[in-house]
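Undergrad: Quick one: the structure is below, questions incoming.
The values are calculated or read from the model by the stated rules, or taken from the named source; none is laboratory data. Source: prediction; values computed, not measured. FYI the Cβ positions are ideal-geometry reconstructions off the backbone, even for glycines, and counts take in every protein chain you see. For accessibility, only protein heavy atoms count, side chains too; no ligands or nucleic acids. Shrake-Rupley method; radii C 1.70, N 1.55, O 1.52, S 1.80 Å.
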Amino acid sequence: MSQRIQSIRGMNDILPADNAAWATLERVAARVFAGYGYEQIRLPIMERTGLFKRAVGEVTDIVEKEMYTFEDRGGESLSLRPEGTAGAVRAGIEHGLLHNATQRLWYTGPMFRYERPQKGRYRQFHQFGVEAFGQTGPDVDIEQIAMAARLFAALGVTGMRLEINTLGTPDERADYRDALHAYFSAHPETLDEDSKRRLDRNPLRILDTKNPAMADLVAGAPTLREYLGAESSAHFDGLCRGLDALGIDYTINPRLVRGLDYYTRTVFEWITSDLGAQDAVCSGGRFDGLVEQLGGSATPAMGFALGVERLIALMLDQNVPLDDLKPQVYLIHTGDTTGARVPALAEALRDALPDLRLRVHAGGGSMKSQFKRADKSGATLALIFGDDEAAADEIQIKPLTDAREQERVAIEAAAGRIAALLEP
Ligand code: ATP
Ligand code: MG
């Protein structure tokens, strides 16, 4: 036997048995986002590498060490998208969606980052992304935070905690950067290699460190609040008041800086205590400068990304109700003799019951082996269409998952009986 080819580390197959949570989340998210007037956009999973360098930032973990970058056959450098905002902005500019217009958009799909795979951290993972363009006020920030909260509630997920912070404007941040530079420069003995490298290029990134040996040093660093101008302060106060008015609890975390360079003013994270180290389920913020930076006209914007694998882990941990798309009914028949009538019978049942999930046995075999398949399919009912039944224009309905009696009904009456027996 030749050697088997394995999947790529950190890139998972989602098997049918694991699909219920995915399908539930996709259905509920689409409904919640539409409920706030957000429209779906579908974007390529690859972009020119330069887009991510400019949008995400050269001195970020993502661009420095996590991107899947390669040359295509034409010699152009392309990257699998590590996040969705850059592509959404690129598309918005390219198709004139942003100029003198407001947009509320969402998308979903795989993202790619070359990270160390572990629980809640994969190399191909999935996000729901939400972006609003053209609104300056904190009302959109509040709306998106409330929309994420509503999604969690609609799924039945509990125990999420909200942290917010403000990063100010680029000018305010430049002053703050100088202050941070001075503070960290005074403690060279505590800085790790990453932080030393970042000290001159982007000292804010040091606040994002996950190195416990640096926790005390980071806790003592100056905070950006002291460097905010009047407008940024008012924006942040407006955000806090808006959340208060909606009864959404939050904590202000001055260390929350986010791993991407494009954020301005509001940043937030929805965090859970139930997933261990990979605790951020949904993260976002304002990126008022990004559209212009990527060649569009100046357009304020606000968005978030939600980690699908982490939210699904929570849904499973918390046993929330999931959509069931398994077959409900398994049709057993005696191949050669009744088989010719089976397709028409099955189609007639689907005509009568458009939501019915009916699997028709294929491949012949004994009644006993067909019943085994029926049980394995998870179906609630088996339909039996043997020679006797066919001769009488009847069908037998056998409940598989409880002790209800098997019934024999006329074919015309079958759809009605199936519907009644499937009633919860
Ligand atoms: P983390 O701090 O956990 O690395 P991040 O700040 O890099 O997260 P974002 O770029 O903001 O994450 O992505 C938004 C969300 O996507 C995160 O809150 C998380 O739920 C999810 N996410 C990010 N990276 C991964 C990954 N490698 N595997 C699974 N989910 C991820
Ligand atoms: Mg990360």
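Undergrad: Where in segment 60-167 are there strands (runs of 3 or more DSSP E), lying wholly inside it, with at least 1 residues that are more than 30 Å from Y227 (Cβ to Cβ), touching an Asp or Glu at 6+ places or on another chain (Cβ under 9 Å) and in contact (Cβ under 8 Å) with a residue 60 or more places away in the chain?
TA: Result: 103-112, 124-133.
Undergrad: Answer with yes or no whether A413 is in the same structural domain as D351 (by TED's automatic domain parsing) and within 24 Å of D351 (Cβ to Cβ).
TA: So A413 fits the description; yes.
Undergrad: Moving on to the next point. For segment 231-246, check the following and say yes or no: at least one residue is closer than 21 Å to T158 by Cα, without any contact (Cβ under 8 Å) to a residue 24 or more places away in the chain and open to solvent by 20 Å² or more (accessible area, probe 1.4 Å).
TA: Yes, segment 231-246 contains a residue that is closer than 21 Å to T158 by Cα, without any contact (Cβ under 8 Å) to a residue 24 or more places away in the chain and open to solvent by 20 Å² or more (accessible area, probe 1.4 Å).
Undergrad: Among the residues that make up segment 247-258, is at least one of them within 16 Å of ligand 2 (Cβ to nearest atom), out of contact with any Lys or Arg (no Cβ under 9 Å at 6 or more places or on another chain) and on the phi > 0 side of the Ramachandran plot?
TA: yes
Undergrad: Please indicate, with yes or no, whether at least one residue in segment 298-313 is out of contact with any strand residue (DSSP E or B) (no Cβ under 9 Å at 6 or more places or on another chain), surrounded by 18 or more Cβ atoms within 10 Å (Cβ to Cβ) and part of a loop (DSSP other than H, G, I, E, B).
TA: no
Undergrad: Considering each residue of segment 127-146, count those that are in contact with a strand residue (DSSP E or B) (Cβ under 9 Å, 6 or more places away or on another chain) and buried (at least 21 other Cβ atoms within 10 Å of the Cβ), and give that number.
TA: Result for segment 127-146: 12.
Undergrad: Let me ask something else. Scan segment 117-165 for residues that are basic (K, R) and either in contact with a Lys or Arg (Cβ under 9 Å, 6 or more places away or on another chain) or away from ligand 2 (no atom under 16 Å from the Cβ) (or both) and jot them down.
TA: Within segment 117-165, R121, R123, R150, R161 meet the criteria.
Undergrad: Can you tell me which residue within segment 54-74, out of those that are surrounded by fewer than 12 Cβ atoms within 10 Å (Cβ to Cβ) and not basic (K, R), is farthest from ligand 1 (Cβ to nearest atom)?
TA: Out of the qualifying residues, it is G74.
Undergrad: Spot the failing condition for T338; the list is (1) surrounded by 13 or more Cβ atoms within 10 Å (Cβ to Cβ); (2) at pLDDT 95 or above, and only one is missed.
TA: Failing condition for T338: (2).
Undergrad: Then there is this: Test of understanding: among L243, L256, L204, which residue is within 13 Å of L167 (Cβ to Cβ) and assigned to a helix (DSSP H, G or I)?
TA: L204
Undergrad: Name the one entry in A30, A55 that is within 18 Å of the chain's Cα centre (by Cα), assigned to a helix (DSSP H, G or I) and in the same structural domain as Q124 (by TED's automatic domain parsing).
TA: Sole residue among the options that is within 18 Å of the chain's Cα centre (by Cα), assigned to a helix (DSSP H, G or I) and in the same structural domain as Q124 (by TED's automatic domain parsing): A30.
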